[in-house]
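Derivation of every value follows stated rules applied to the coordinates shown; laboratory data play no part. Bear in mind that the values here come from a model prediction, so they are computed numbers and not experimental data. Neighbour counts run over all protein chains shown; Cβ positions are idealised from the backbone, glycine included.
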Amino acid sequence: MWRDEKRLGLQESQTEEQRTLSLWHEDREIKTTVAKQTGWKSPIARFSMILDEAGWDAPVSAVLLGLFGISVLCEVVLFVFTGQVIPGLCVAGAFFMVFWFYLNHCVDRRRSTYELQFVDALDLAARSSHRAQLAQVWLGAATRIW
C-alpha cells in the first residue's frame, strides 16, 4: 500500500469490491466510490506492471527474450570452458538475481522521485492558492476605495 493512499483519504474499512476516495476541490470535499480490482493477474501481467513502474517502455516479450538469451549464452560459454553444466546454471541464476535487484532499484527510484514531486506540487498548489486569496483581498480593498 502506498503511503499516498492514506494521505488522500482512501478508507480500508470499505467492502472488498468498493472503496471510497475523498478529494478536495475549491474548499469542498468530494467523495466518490470506485471498484477495486479483484481479478487474479497472471505472472506476465504482474511483470508487465513492474516494468511500467520501473519506467521501462520495452515490451515484456523483449525483456524476457533478452534475459533468457543472455542466460543461455552464459551457460554455453561456461560449458565450453569448464565442461560442466553447474557453473553455467549458477552464473545464469546470479544474472537473474542481479536483474531482479536492478529492476526493483529502478522502481524504488521512480517511487521516491514521484513522492518528492508530489510534495513539491502540493507545496506549489498551496502557495498559489494563498496568493490567489491575497489577490482577491487586495482587489476587494482596491474596489472599495474607488
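Kindly establish whether C90 is under 30 Å from C74 (Cα atoms), touching a helix residue (DSSP H, G or I) at 6+ places or on another chain (Cβ under 6 Å) and surrounded by 10 or more Cβ atoms within 10 Å (Cβ to Cβ). No: the conditions fail for C90.
Select from the range 23-77 the residues that are among the hydroxyl-bearing types (S, T, Y) and touching a strand residue (DSSP E or B) at 6+ places or on another chain (Cβ under 8 Å) and write down the one among them that is surrounded by the fewest Cβ atoms within 10 Å (Cβ to Cβ).
First, the residues of the range 23-77 that are among the hydroxyl-bearing types (S, T, Y): 32-33, 38, 42, 48, 61, 71.
Still in the running and touching a strand residue (DSSP E or B) at 6+ places or on another chain (Cβ under 8 Å): 32-33.
Working: T32: 9, T33: 11.
Ranking the candidates gives T32 first.
Can you spot a residue in the range 46-59 that is assigned to a helix (DSSP H, G or I), over 23 Å from the mean Cα position of the chain (by Cα) and not hydroxyl-bearing (S, T, Y)? Within the range 46-59 (the criterion being assigned to a helix (DSSP H, G or I), over 23 Å from the mean Cα position of the chain (by Cα) and not hydroxyl-bearing (S, T, Y)), the answer is no, since none of the residues qualifies.
Among residues of the range 68-87 that are at positive phi, none has a Cβ under 6 angstrom from a residue that is hydrophobic (A, V, I, L, M, F, W, C) and surrounded by 10 or more Cβ atoms within 10 Å (Cβ to Cβ) at a sequence gap of 6+ or on a separate chain.
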